[in-house]
1. What ranking, highest mean first, results for peptides 89-95, 73-79 when packing means the other Cβ atoms within 10 Å averaged over each residue?
2. Can you find, among ALA144, GLY168, ALA25, the residue farthest towards the positive end of the dipole of the chain? Put +1 on the C-beta of Lys and Arg, -1 on that of Asp and Glu.
3. Going by accessible area, probe 1.4 Å, with all protein chains left in place, what is the ranking of ASP116, ASP53, largest first?
4. Any chance you could give the angle, 0 to 90 degrees and rounded to 10, that helix 15-26 forms with the longest Cα principal axis of the chain?
5. Going by accessible area, probe 1.4 Å, with all protein chains left in place, what is the ranking of CYS10, CYS156, largest first?
6. With +1 on the Cβ of every Lys and Arg and -1 on the Cβ of every Asp and Glu, and nothing else charged, how large is the dipole of region 52-136 about its Cα centre, in debye rounded to the nearest 20?
7. Rank by packing, highest mean first: peptides 32-42, 143-153, with packing defined as the count of other Cβ atoms within 10 Å averaged across residues.
8. For region 51-63, take each phi angle, set θ = phi - 60°, evaluate the Karplus expression 6.51 cos²θ - 1.76 cosθ + 1.60, and give the result in whole Hz per residue in order, putting x for glycine and proline.
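The values are calculated or read from the model by the stated rules, or taken from the named source; none is laboratory data. Please read all numbers here as calculations on a predicted model, not as lab measurements. A quick note on method: Cβ atoms are made from the backbone with ideal geometry, for glycine too, and the neighbour counts reach across all protein chains shown. SASA here: full protein model, heavy atoms, side chains in, ligands and nucleic acids out. Shrake-Rupley method; radii C 1.70, N 1.55, O 1.52, S 1.80 Å.
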Amino acid sequence: DYKVLILSQCEALGTREADVIRQFARKGGTVIADVRPGLYDEHCKPRSEGILDDLFGVSHTGNVEAMEVDGQIDGALGASTVRTSLASLHVNPSVTLTAGTALGAAGDTPIMSVNDVGLGRAILMNFTVATLPNLSRPDTDESAAELVSTMFYEACVQWPLHLQDKQGA
(Lines give C-alpha, C1' and ligand atoms only; values in the text may rest on other atoms or scores of the structure.)
Protein backbone atom coordinates (compact mmCIF):
# COMPACT_ATOMS: atom_id res chain seq x y z
CA ASP A 1 0.00 0.00 0.00
CA TYR A 2 2.95 2.34 0.52
CA LYS A 3 4.84 3.94 -2.34
CA VAL A 4 7.52 6.03 -0.60
CA LEU A 5 9.80 5.44 2.37
CA ILE A 6 11.65 8.48 3.70
CA LEU A 7 14.83 7.97 5.70
CA SER A 8 15.60 11.40 7.12
CA GLN A 9 18.97 11.38 8.89
CA CYS A 10 18.54 7.65 9.45
CA GLU A 11 22.21 7.14 10.20
CA ALA A 12 21.79 4.01 12.37
CA LEU A 13 20.20 0.89 10.87
CA GLY A 14 20.28 -2.81 11.68
CA THR A 15 20.75 -5.58 9.12
CA ARG A 16 17.10 -6.67 9.28
CA GLU A 17 15.85 -3.13 8.73
CA ALA A 18 18.23 -2.67 5.78
CA ASP A 19 16.96 -5.90 4.19
CA VAL A 20 13.33 -4.75 4.53
CA ILE A 21 14.23 -1.38 2.95
CA ARG A 22 15.97 -3.09 0.00
CA GLN A 23 12.98 -5.40 -0.50
CA PHE A 24 10.60 -2.40 -0.45
CA ALA A 25 12.54 -0.78 -3.30
CA ARG A 26 12.89 -3.98 -5.33
CA LYS A 27 9.12 -4.50 -5.19
CA GLY A 28 8.43 -1.03 -6.64
CA GLY A 29 8.78 1.42 -3.78
CA THR A 30 10.77 4.62 -3.79
CA VAL A 31 13.26 5.10 -0.95
CA ILE A 32 14.32 8.70 -0.35
CA ALA A 33 17.15 9.34 2.09
CA ASP A 34 19.24 12.28 3.04
CA VAL A 35 22.81 12.39 4.24
CA ARG A 36 24.59 9.32 5.72
CA PRO A 37 21.96 6.54 5.66
CA GLY A 38 23.06 3.45 7.58
CA LEU A 39 26.61 4.49 8.45
CA TYR A 40 26.08 3.13 11.97
CA ASP A 41 24.67 -0.20 13.12
CA GLU A 42 21.61 -0.67 15.32
CA HIS A 43 23.81 -0.01 18.38
CA CYS A 44 25.15 3.25 16.89
CA LYS A 45 28.57 1.71 16.27
CA PRO A 46 30.29 3.01 13.12
CA ARG A 47 30.32 0.73 10.06
CA SER A 48 33.21 0.59 7.61
CA GLU A 49 30.69 1.38 4.84
CA GLY A 50 27.03 2.33 4.74
CA ILE A 51 24.74 -0.71 4.95
CA LEU A 52 22.56 0.78 2.19
CA ASP A 53 25.39 1.97 -0.07
CA ASP A 54 24.50 -0.76 -2.59
CA LEU A 55 20.85 0.34 -2.66
CA PHE A 56 21.72 3.98 -3.29
CA GLY A 57 24.58 3.16 -5.68
CA VAL A 58 27.17 5.02 -3.66
CA SER A 59 30.27 4.39 -1.61
CA HIS A 60 31.15 6.21 1.59
CA THR A 61 34.95 6.50 1.70
CA GLY A 62 34.97 7.64 5.31
CA ASN A 63 32.91 9.27 8.01
CA VAL A 64 34.08 12.85 7.71
CA GLU A 65 32.69 16.21 8.73
CA ALA A 66 30.09 17.73 6.41
CA MET A 67 31.06 20.65 4.23
CA GLU A 68 28.80 23.60 3.48
CA VAL A 69 28.49 24.22 -0.25
CA ASP A 70 26.19 25.55 -2.93
CA GLY A 71 25.02 23.00 -5.46
CA GLN A 72 23.11 22.53 -8.69
CA ILE A 73 20.65 19.67 -9.32
CA ASP A 74 19.93 19.09 -12.99
CA GLY A 75 18.83 15.89 -14.69
CA ALA A 76 16.18 13.28 -15.36
CA LEU A 77 14.25 11.70 -12.53
CA GLY A 78 12.13 9.03 -14.19
CA ALA A 79 10.25 10.76 -17.02
CA SER A 80 10.61 14.18 -15.36
CA THR A 81 13.38 16.75 -15.38
CA VAL A 82 14.57 18.38 -12.17
CA ARG A 83 16.57 21.60 -12.10
CA THR A 84 17.33 23.82 -9.14
CA SER A 85 20.16 25.64 -7.43
CA LEU A 86 20.48 25.16 -3.69
CA ALA A 87 22.61 27.28 -1.37
CA SER A 88 24.42 26.39 1.83
CA LEU A 89 23.87 22.63 1.75
CA HIS A 90 25.52 20.46 4.40
CA VAL A 91 27.03 17.77 2.15
CA ASN A 92 28.94 14.59 2.98
CA PRO A 93 32.14 14.94 0.89
CA SER A 94 33.09 11.26 1.29
CA VAL A 95 30.31 10.01 -1.05
CA THR A 96 31.20 8.70 -4.50
CA LEU A 97 28.82 7.28 -7.09
CA THR A 98 29.15 3.56 -7.93
CA ALA A 99 25.87 3.01 -9.82
CA GLY A 100 22.83 4.98 -10.82
CA THR A 101 22.85 8.57 -11.97
CA ALA A 102 24.11 11.75 -10.37
CA LEU A 103 21.57 14.56 -10.68
CA GLY A 104 23.75 17.21 -9.18
CA ALA A 105 27.12 17.93 -7.71
CA ALA A 106 29.02 20.34 -5.57
CA GLY A 107 32.47 20.18 -7.09
CA ASP A 108 33.25 16.45 -7.41
CA THR A 109 30.76 15.42 -4.72
CA PRO A 110 27.35 14.16 -5.86
CA ILE A 111 24.58 15.99 -3.99
CA MET A 112 21.71 13.94 -5.40
CA SER A 113 21.64 10.56 -7.08
CA VAL A 114 19.05 8.08 -8.34
CA ASN A 115 19.55 4.34 -8.52
CA ASP A 116 16.91 2.10 -10.12
CA VAL A 117 16.54 -1.11 -8.12
CA GLY A 118 14.24 -3.92 -9.25
CA LEU A 119 10.85 -2.31 -9.85
CA GLY A 120 11.63 0.72 -7.67
CA ARG A 121 14.28 3.32 -7.07
CA ALA A 122 16.47 4.80 -4.39
CA ILE A 123 17.11 8.53 -4.23
CA LEU A 124 19.95 9.87 -2.10
CA MET A 125 20.01 13.54 -1.29
CA ASN A 126 23.57 13.88 -0.06
CA PHE A 127 22.66 16.79 2.17
CA THR A 128 20.50 17.27 5.22
CA VAL A 129 16.84 17.97 4.50
CA ALA A 130 17.09 20.80 7.02
CA THR A 131 19.32 22.68 4.55
CA LEU A 132 16.63 22.65 1.84
CA PRO A 133 14.97 26.06 1.46
CA ASN A 134 11.81 26.51 3.52
CA LEU A 135 9.14 25.62 0.95
CA SER A 136 6.39 27.47 2.81
CA ARG A 137 8.08 30.87 2.42
CA PRO A 138 6.83 32.96 -0.50
CA ASP A 139 10.37 34.08 -1.39
CA THR A 140 11.63 30.49 -1.84
CA ASP A 141 12.51 29.68 -5.44
CA GLU A 142 9.72 27.56 -6.94
CA SER A 143 12.28 25.13 -8.37
CA ALA A 144 13.01 23.79 -4.85
CA ALA A 145 9.33 22.93 -4.39
CA GLU A 146 9.26 21.38 -7.86
CA LEU A 147 12.20 19.14 -6.92
CA VAL A 148 10.31 17.74 -3.93
CA SER A 149 7.05 17.46 -5.89
CA THR A 150 8.79 15.63 -8.72
CA MET A 151 10.26 13.02 -6.37
CA PHE A 152 6.74 12.20 -5.16
CA TYR A 153 5.14 12.46 -8.60
CA GLU A 154 7.64 9.97 -10.03
CA ALA A 155 6.80 7.64 -7.11
CA CYS A 156 3.10 7.86 -8.16
CA VAL A 157 2.10 9.83 -5.07
CA GLN A 158 -0.63 12.40 -5.72
CA TRP A 159 -1.18 15.42 -3.49
CA PRO A 160 -4.74 15.66 -2.11
CA LEU A 161 -4.86 19.38 -2.97
CA HIS A 162 -2.78 22.09 -4.58
CA LEU A 163 -2.41 25.68 -3.38
CA GLN A 164 -1.16 28.48 -5.58
CA ASP A 165 -0.65 32.17 -5.10
CA LYS A 166 -1.72 34.79 -7.67
CA GLN A 167 1.53 34.36 -9.59
CA GLY A 168 1.04 30.57 -9.86
CA ALA A 169 3.72 29.62 -7.33
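1. Working: 89-95: 21.7, 73-79: 15.4.
Per-residue Cβ counts within 10 Å, averaged per peptide and sorted highest first, yield 89-95, 73-79.
2. ALA25
3. The residues order as ASP116, ASP53, largest area first.
4. 50
5. Heavy-atom accessible area, descending, gives CYS156, CYS10.
6. Using Cβ point charges on Lys, Arg, Asp and Glu, region 52-136 gives about 240 debye.
7. Working: 32-42: 21.8, 143-153: 17.5.
Result, highest mean Cβ count within 10 Å first: 32-42, 143-153.
8. Values per residue, Gly and Pro as x: 5, 10, 4, 4, 5, 7, x, 10, 10, 9, 8, x, 9 Hz.
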